[in-house]
Amino acid sequence: MAISLRAMEGIAADTSTMRAAVFHGPGEISVERVPRPRPGAGEALIRVTLTTICGTDVHILKGEYPVQPGLTIGHEPVGIIEELGPGVVGYQVGERVLVGAITPCGQCHACLSGKLSQCGHGSGYQAIGGWRFGNTINGAQAEYLLVPSAQANLAKIPDTLTDEQVVLLADIASTGFAGAESGKVRIGDSVVVFAQGPIGLCATAGARLMGAALVIGVDGDATRREMSRRMGADVVLDPSTVDVPAEVMRLTKGGADVAIEALGLQETFESALRSIRPGGTLSSLGVYSGKLQMPYDAFAAGLGDHTIVTSLCPGGKERMERLMKIVASGRFDPLPLITHRFSLDEIGEAYRVFSNRLDGVLKVAIRP
Ligand SMILES: [Zn+2]
Ligand SMILES: [Zn+2]
């Protein structure tokens with residue numbers, strides 16, 4: 001993973017350019033000076049004060065997830081409003097804001113049906129937003145970020161919360177919690193969460209918040225199992241030493257009410273399906289590639305009244321505001337998940353540590 005500080009020397013700070021981590025192709029990302037955007041109608045420019053790296057960014061860098069070369073990646077922004085475009089009301093320059101990973105327009109069929117993450121889909125109407133930072137538009141691993149549909153997406157951060165307390169709410173906590181929410185976890189339920197990476201750990205915390213009486217965290221990594229307990233798991237299982245579905249059946253006396261899949265592999269999807277009781281729910285968060293197969297016996301040949309639901313990261317300011325409340329209340333503490341800190345100029349090293357899972361890394365904080 002080559003990193004260069006191309007074109008950075010000898011240029012005095014100015015307001016027409018900014019530093020950004022630009023994706024040039026598989027394995028190639030470099031911090032360089034690029035034009036600083038200006039907000040148009042309905043847009044806002046924020047000065048990024050903290051961001052992070054997501055597993056999706058690693059897939060992009062490995063060339064497993066197609067993104068246009070020349071794009072700035074990253075989709076987890078915390079910042080300060082630098083400039084507001086015409087038509088954005090209720091906000092002021094200088095306010096601290098959190099922006100979700102996906103920026104729904106708040107106006108289209110999907111948004112008005114409450115499916116904000118599917119903005120732009122679901123009807124013949126033209127969507128005006130639904131952009132994904134670092135995927136369809138320039139992202140957050142930069143000094144400044146242009147936020148489309150700003151009115152629907154800028155969530156003001158209370159003074160009582162630090163940047164590090166909110167940065168993970170943009171994506172991984174929102175996605176992880178969505179696994180428990182979409183799975184409709186009820187008070188007293190038993191929930192098993194497959195894979196305890198950052199999203200799976202947030203799903204574990206989400207299951208606890210939703211009222212589960214038994215939360216089982218599954219991961220092959222001892223450090224992640226330990227963090228799983230810290231995030232609310234009552235029992236942790238290592239799939240390399242136990243038959244997880246059999247053990248879940250034993251612990252729950254017949255199957256978990258909800259299994260959350262947070263990895264995106266055939267193996268974990270199948271294990272999740274084999275771990276739920278008749279009438280249970282498989283809540284899937286993973287992003288799958290290739291073929292996903294469902295053996296007939298794993299879902300009782302279609303007779304088991306199983307529910308399978310999927311969730312993409314929910315976005316929008318109302319979602320961000322609610323997630324900040326759960327942190328402010330003390331019921332969810334995301335700070336243990338931030339294990340490493342880097343400057344924007346050190347982002348190549350941050351990618352190396354994060355993508356190779358070195359040094360017990362879970363999430364990295366990047367300060368532009
Ligand atoms: Zn992400
Ligand atoms: Zn929309």
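Throughout, read-outs are computed from the coordinates displayed, never taken from laboratory work. Computed from a prediction, not measured in an experiment: that's the story for all the values here. When we count neighbours, we look across all protein chains shown, and the Cβ atoms used for this are built from the backbone with ideal geometry, even at glycine.
To the nearest ten degrees, helix 172-182 and the longest principal axis of the Cα atoms of the chain are 40 degrees apart. Label point of Glu95 set 7 angstrom out along Cα-Cβ; within region 53-82, amide nitrogens under 14 Å from it belong to 79-82.
DSSP beta bridges in the chain, what fraction antiparallel, as a percent rounded to 5?
Antiparallel bridges make up about 50 percent of those DSSP assigns within the chain.
Classify region 169-233 from the C-alpha gyration tensor, please: rounded if a/c falls under 1.5, else prolate or oblate depending on whether a/b exceeds b/c. Oblate, because a/c is 1.5 or more while a/b does not exceed b/c. In terms of its Cα atoms, the chain spans 66, 42, 40 Å along the principal axes, sorted from long to short. Within a straight-line Cα-Cα reach of under 19 Å, Lys184 can be paired with the following lysines, leaving aside sequence neighbours fewer than 8 residues apart in one chain: Lys115.
Couplings 3J(HN,Hα) of region 262-267, computed from phi: 10, 10, x, 10, 3, 4 Hz, in residue order, whole Hz [Karplus 6.51 cos²θ - 1.76 cosθ + 1.60, θ = phi - 60°; x for Gly and Pro].
With R₀ set to 51 Å, the beta-carbon distance separating Ala300 from Asp345 gives a calculated FRET efficiency near 0.40.
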